[in-house]
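To keep things clear, I will list the structure first and then write my remarks on it.
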Amino acid sequence: MPSQPAVIEVALPRPLRRTFDYALGQHALVPSPGTRVRVPFGRSHVVGMVVDVLDSSPHELKTIEHIIDEEPILSPDLVDLARWLAGYYHHPIGDVLKTVMPVKARQGAKAEPVDEVVWRLAADTTNADTALARAPTQRASFDRLHQLGPTADAELAALGISRQSLLALLAKELVERTTVAPPYEVRASAIEPTPEQAAAIGAILGSLGDAATHVVEGVTGSGKTEVYLRVIAEVLRSGRQALVLVPEIALTPQTTARFRERFGATATLHSGMTDSQRYDAWLKCRNGSHKVLIGTRSAVLAPFADLGVIIVDEEHDGSFKQTEGLRYSARDVAVKRGQMLSIPVVLGSATPSMETLENVRRGRYRHLRLTQRVAGRSMPGYRVSDIRGERLDGGISAHLHRAIGAHLDAGNQVLAFINRRGYAPVLLCSDCGWQAECDHCDVKLTYHRLPRQLRCHHCDRRRPIPRKCPSCGASDFVLVGTGTQRTEETLRTRHPGVPLYRIDRDTTRSTRRLEADLAAVAEGKPAILVGTQMLAKGHHLPNVTLVAVLDADGGFLSPDFRAPERAAQLIVQVAGRAGRGDRPGEVWIQTFDPDNANLRALIESGYSGFVESERLRRESAVMPPFVSLAIVRAESSSETAALELLRRAADTLTGEGLELLGPAPAPIARRADRYRSQLLLLARRRRDLHLALNRLEQADPRAGGVRWSIDVDPLDTA
Ligand code: ADP
Ligand code: ZN
Ligand code: ZN
């Protein structure tokens, strides 16, 4: 027995930058860190997390009411990770734990996994052909299930199988529900790795059990996924688990299906799951019954019984960074977790981020390159199309229209990429020049057809199209610029016999629709795809031979210092959809600025050429990755209050080795009636940045109605 009663340090799910001490009371066992406890707080009772056990406390103590877990629900490594997250991202520990724990765990639900519903084909499916002759979606779900084998209910969405159609199949007695979980197994692969793939696989396997970070930089179609699959197979054979982080599961059911086919069963964790499904998947990773977890950003915080490798696919993707609450980068947390667990981390991409490549240059990460496409396929050729003075129709020059026609006539597929949804980005009065703007944000409204309305892409408010100009009363409007809907309209009119699929946030509300569209495209007949960056996400479209980037300039001209990097990555990724099959591909880049240095570097020397010139620019502009950056943001309904608070914050952030930019209104100062200001903090040495942010946390400036936040390693500065 301890001579003094133990003091339990508890983090509470509140946005408070401190923990609270409680007395153990008459509880016989001292709860370890990572155990959930119910404690009194103010006039309520909350579920908190034990983070430490102390000998004494300077405070007067209330007593723990109830110890929820017999065994800690969070292992010591996750408690350590939570503490590291709170320190590195300067975020309240209670709120960090809120992010780490699934909703159900926070509510105090028992830490016991349940048997899940599993779908499989019925024993007798002889009448399938007749029963499904006129139900194509059911047919697709049936075939998918046939190909994949028994599939847990929670995995359906990630694999692009519609639950609704399974229910219909159930009624027709073609499928059945059980609770027999599909078995994990490592299935042999018929693929013979190329020498480059073999070298990458060997290097990663050679570091199992070490905290090594590998960067697999492989051109699109070079077989990166095959490298991951072989590494995971080896990790599973040694009895350990694997974690795969992907940008957006719903957009890439093909990828998830490939893991499923190789390993018999995989688990997923993503935002489309119910709270119960998420908690169950979380618990089964924790107790080791799930071997392979494929998840989006938050999966990097999942518990594991014995994790052996972490893979971050498309590591450059912006979705790995959380932009509210705990503003963590799942990629960076993956690297940290790998170090804490002494396991290798693999960062894969055709277009690695500037940060990652700088870590390679400094020898912190190992560089594994796949420079060739598999099966002797060639990389598509680029062709810069100067559109100054050209008449564009649907955002497309006459020249490019002819090329599109030729590719379609040859029986091929065409992809037109324009990173703007809606019909036209500006509605303008041709008499006085008035432009439609959002009443609540400092942005123009986008003109949409189907339904016909003006929409704000920042606050999502909608307005009818005005009949008369609110400024001069005239009724002649012009639509300036092009979005996906306009390009769709033009291409449909010009190629009435060719199916066209538009893929953007407006059409892709449901995974099923995207999956159905991609399945139709996969059939290989001539087709046109028009879409935004959603089209750049790793889809395998073997019959696309022409990729047209309709507006290459937009990205390069934005004020954000990362804009050129993002633009280059998008162009390379979307170009990578071309020529993935037997026929070679070509990529057209339309630009008003053919001499743009970034664009030239990209076209002439590829992504590495672009990175080389961009690196020099970042270095001379003293921007990341050459300095550490944090942004302090504030917002309020008053125009001045947020700015005023940041002025006070700035006083705590000055010092040797630090540079402040601002405070100043954000580039889009007003969004949904909130005024936003920001302060950039730059430091040559990361330590100085953290010390300054500690001072800010201590000072904890406050002003009525102002919310402020710290964003370490922000992605967006505009
Ligand atoms: P990436 O992820 O680099 O774009 P993928 O891993 O998707 O490339 O591979 C593209 C295609 O090539 C896939 O259909 C894959 O099955 C196939 N593939 C991968 N490696 C090989 C190989 N060594 N030999 C033949 N085909 C391969
Ligand atoms: Zn007018
Ligand atoms: Zn708005």
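The values are calculated or read from the model by the stated rules, or taken from the named source; none is laboratory data. Source: prediction; values computed, not measured. A quick note on method: Cβ atoms are made from the backbone with ideal geometry, for glycine too, and the neighbour counts reach across all protein chains shown. What goes into the accessible areas is simple: the full protein's heavy atoms, side chains included, and nothing from ligands, DNA or RNA. Shrake-Rupley method; radii C 1.70, N 1.55, O 1.52, S 1.80 Å.
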*For A199 and S637 in one chain, what is 0.36 nm times their gap in residues minus the Cα-Cα distance, to one decimal in nm?*
152.0 nm
*asked:* What whole-number distance in Å separates the alpha-carbon centres of region 261-335 and region 556-615?
replied: 30 Å
*Given a 1.4 Å probe, how much area per residue of the chain is accessible, in Å²?*
43 Å²
*Straight-line reach from K224: which lysines have a Cα under 27 Å away, not including same-chain ones fewer than 8 places off?*
K291, K321, K336, K537
*Using the Karplus equation 6.51 cos²θ - 1.76 cosθ + 1.60 (θ = phi - 60°), what ³J(HN,Hα) coupling, rounded to whole Hz, does each residue of region 67-84 give in order, writing x for Gly and Pro?*
9, 6, 9, 6, 9, x, 6, 9, 6, x, 5, 6, 5, 4, 4, 4, 5, 5
*Alpha-carbon centroid distance for the pair region 177-216 / region 459-473, whole angstrom*: 56 Å
*How large is ³J(HN,Hα) for each residue in region 393-405, as worked out from phi by the Karplus curve 6.51 cos²θ - 1.76 cosθ + 1.60 (θ = phi - 60°), to whole Hz, x for Gly and Pro?*
10, x, x, 10, 6, 4, 4, 5, 4, 5, 4, 4, x
*For region 596-689, which whole-number percentage of the solvent-accessible area (1.4 Å probe, protein heavy atoms only) is attributable to carbon and sulfur atoms?*
50 percent
*How large, in percent, is the carbon and sulfur part of the accessible surface of region 10-50 at a probe radius of 1.4 Å?*
57 percent
*asked:* Can you return the aspartates and glutamates within cross-link range of K525? Criterion is Cα-Cα under 19 Å, with same-chain partners fewer than 8 residues away left out.
replied: D409, E488, E515, D517, D582, E586
_Please list, by residue number, every one of the trypsin sites (Lys or Arg not before Pro) in region 328-403 that is coil in DSSP and has at most 10 other beta-carbon atoms within 10 Å._
R362, R388, R391
*Measuring from label point to label point, each 7 Å out along Cα→Cβ, what is the E612 to E437 span in nm?*
4.5 nm
*Which whole-percent values make up P(r) of region 381-528 when all C-alpha to C-alpha distances are grouped in 5 Å steps starting at zero?*
2, 8, 15, 18, 18, 14, 11, 8, 4, 1, 0
_Computed FRET value (nearest 0.05) for R38 with F592, which takes r as the C-beta separation and R₀ as 60 Å_ = 0.45
*Could you work out the helix-only [θ] at 222 nm for the chain, with each DSSP H run of four or more residues adding -39,500 (n - 2.57) and the total divided by the number of residues, to the nearest 500 deg cm²/dmol?*
-9500 deg cm²/dmol
*Starting from the Cα of K110, draw a straight line to each of the lysines and keep only those under 20 Å, dropping any in the same chain fewer than 8 residues away.*
K98, K284
_Fraction of beta bridges assigned by DSSP in the chain that are antiparallel (%, nearest 5)_ = 55 percent
_Length added when fully stretched, D153-A190, from 0.36 nm per residue minus Cα-Cα_ = 10.4 nm
*For D409 and R687, what is the calculated FRET efficiency with R₀ set at 60 Å and r taken between the beta-carbons, to the nearest 0.05?*
0.45
*How large is ³J(HN,Hα) for each residue in region 548-562, as worked out from phi by the Karplus curve 6.51 cos²θ - 1.76 cosθ + 1.60 (θ = phi - 60°), to whole Hz, x for Gly and Pro?*
10, 8, 6, 9, 7, 7, x, x, 6, 9, 5, x, 5, 5, 8
*asked:* Please list, by residue number, every one of the trypsin sites (Lys or Arg not before Pro) in region 621-703 that is coil in DSSP and has at most 16 other beta-carbon atoms within 10 Å.
replied: R684, R685, R702
*For the peptides 122-133, 191-202, 224-235, what is the packing order when you average, over each peptide's residues, the other Cβ atoms within 10 Å and list the highest mean first?*
224-235, 191-202, 122-133
*For the chain, what size does the Cα cloud have along each of its three principal axes, sorted from largest down, in whole Å?*
87, 70, 52
*What residues have an amide H closer than 5 Å to that of I68, excluding those fewer than 5 places away on the same chain, when H is modeled at 1.01 Å from N in the peptide plane?*
R36, V37, R38
*asked:* What FRET efficiency comes out for A28 versus S238 if R0 is 51 angstrom and r is the Cβ-Cβ distance? Round to the nearest 0.05.
replied: 0.80
*asked:* Residues of region 302-335 with the amide nitrogen closer than 11 Å to a label point 7 Å from the Cα of E248, along Cα-to-Cβ, please.
replied: 318-319
*Going 7 Å from the Cα of K525 in the Cα-to-Cβ direction, what parts of region 407-448 have a backbone nitrogen less than 18 Å from that spot?*
407-415
*Roughly how many percent of the accessible protein surface of region 279-344 is carbon and sulfur, given a 1.4 Å probe and a whole-percent answer?*
41 percent
*Multiply the residue gap between E65 and R383 by 0.36 nm, knock off their C-alpha separation, and tell me the result in nm, one decimal place.*
107.5 nm
*Can you tell me the order of 540-550, 273-283, 74-84, 456-466 when each peptide is scored by its average per-residue count of other Cβ atoms within 10 angstrom, highest first?*
540-550, 273-283, 74-84, 456-466
